[in-house]
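K.L.:
One structure, pasted below without further comment.
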Amino acid sequence: MVGENRKKIKCKFRQVVTTEGITRLKQHIAHISGELEACKKTPKEISVMLRKHLQESKTAREIMKKRKETTIMFIREESRHIHDVDTESSSENDDEQEYLSQMEKKHLRNAMRESRKQAFDEEERMRYDDSI
């Protein structure tokens with residue numbers, strides 16, 4: 001980081017300064033085409049390691065997104081089922097809808113927490129495997 005500006009980043013290998021942020025710098029070092037030219041002074045091992053890390057991060061985000069979508073669909077189906085079975089009055093229905101909305105949020109928070117924990121555990125396992 002150059003100064004206090006989080007968007008202004010300097011490559012330690014080529015001394016190039018960019019205002020595109022850390023993601024662009026990672027792409028620069030990992031030789032991923034995009035806004036910045038690939039860093040020609042980056043050691044190959046570092047470039048390969050960073051490219052692998054970026055791909056694993058992308059995969060983990062995709063997995064968490066799919067889990068979130070699946071959980072939301074499950075909660076909605078569960079809510080519809082409860083709503084279909086319900087024969088209560090309108091005001092009681094409103095109370096139940098509020099309750100279901102709160103339950104959806106609770107289930108979603110728990111699912112997201114579990115997904116992040118699994119992703120973290122997987123990342124830790126990969127780091128351990130790489131260190132052996």
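Nothing in this text is a laboratory measurement; each read-out follows from the coordinates by a stated rule. Note that the structure is predicted; figures quoted are calculated from it, not measured. So basically every Cβ, Gly included, is an ideal-geometry build from the backbone, and we count neighbours across all protein chains shown.
K.L.:
Where in region 1-65 are there GluC sites (Glu not before Pro) that are in a DSSP coil and have at most 16 other Cβ atoms within 10 angstrom of their Cβ?
P.N.:
Here the GluC sites (Glu not before Pro) that fit, given the DSSP loop and packing criteria, are E4, E20, E35, E37.
K.L.:
To continue, here is another question. Whole-Hz Karplus ³J(HN,Hα) for region 108-123, in order, using 6.51 cos²θ - 1.76 cosθ + 1.60 and θ = phi - 60°, x for Gly and Pro?
P.N.:
5, 4, 5, 5, 5, 4, 5, 5, 5, 4, 5, 5, 5, 4, 5, 5
K.L.:
Are there trypsin sites (Lys or Arg not before Pro) in region 1-63 that DSSP puts in a loop and that have at most 10 other Cβ atoms within 10 Å, and which ones?
P.N.:
R6, K40
K.L.:
What lysines sit close enough to K106 to cross-link, taking a C-alpha to C-alpha distance under 28 Å and skipping anything fewer than 8 places away on the same chain?
P.N.:
K58, K65, K66, K68, K117
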